[in-house]
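This report concerns only the one structure given below.
The values are calculated or read from the model by the stated rules, or taken from the named source; none is laboratory data. The shown structure was predicted, so the numbers you read here are calculated from the model rather than taken from an experiment. Cβ placement follows ideal geometry from the backbone for every residue including glycine, while neighbour counts extend to all protein chains displayed.
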């Protein structure tokens, strides 16, 4: 529950520093983690993997909302969503660079002997597990498609 404790500590420091935007983002994270912790069939502890999934989902939601606001010329709401996404993203593991992602997926393709787009499902299954939290699913899928279509 290291993530939950870290969020609580950061909420306190954001309150003391008067950082309203950061406080709102952190409270949203705490709320999601509490929902996960108290949901039916949930364990008392939140695993690191579960925490990362929640954070990734929240970042994706905020980025998607930001894009919608951008298309509707609501720059005020766009900025708010982007700022919240950045605060939440700080708790995720460091994202892979494109080169690192290419190398990792190339290695998986070589290990499995995948040769065509028919093998995409197999590679995506492995890549999704191994690269969880290190790269977005869209980027992984795009890179797998690119490498298998060569």
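A few remarks follow.
- Taken over the stretch 33-53, the residue count meeting the criterion of being under 14 Å from residue 92 (Cβ atoms) and surrounded by fewer than 17 Cβ atoms within 10 Å (Cβ to Cβ) is 4.
- Pairs, first outside any helix (DSSP H, G or I) in the stretch 139-150, second surrounded by fewer than 17 Cβ atoms within 10 Å (Cβ to Cβ), C-beta under 8 Å, six or more apart: 149/117
- Any chance residue 83 is crowded, with 17+ Cβ neighbours inside 10 Å and at pLDDT 90 or above: no
- Cross-chain or 6+ apart pairs with Cβ under 7 Å, the stretch 4-29 first and surrounded by 14 or more Cβ atoms within 10 Å (Cβ to Cβ), then modelled with pLDDT under 90 and assigned to a loop (DSSP other than H, G, I, E, B): 4/46
- Residue among 49, 81, 67 that alone is outside any loop (DSSP other than H, G, I, E, B), in the same structural domain as residue 11 (by TED's automatic domain parsing) and touching a helix residue (DSSP H, G or I) at 6+ places or on another chain (Cβ under 7 Å): 81
- Meets criteria (in contact (Cβ under 8 Å) with a residue 24 or more places away in the chain, surrounded by 14 or more Cβ atoms within 10 Å (Cβ to Cβ) and outside any loop (DSSP other than H, G, I, E, B)) for residue 88: yes
- For the stretch 106-138, a residue qualifies if it is farther than 29 Å from residue 48 by Cβ and either touching a strand residue (DSSP E or B) at 6+ places or on another chain (Cβ under 7 Å) or part of a helix (DSSP H, G or I) (or both), and the qualifying residues are 117, 118, 119.
- Residue that is modelled with the lowest pLDDT [pool: residues in the stretch 12-42 that are over 21 Å from the mean Cα position of the chain (by Cα) and assigned to a helix (DSSP H, G or I)]: 38
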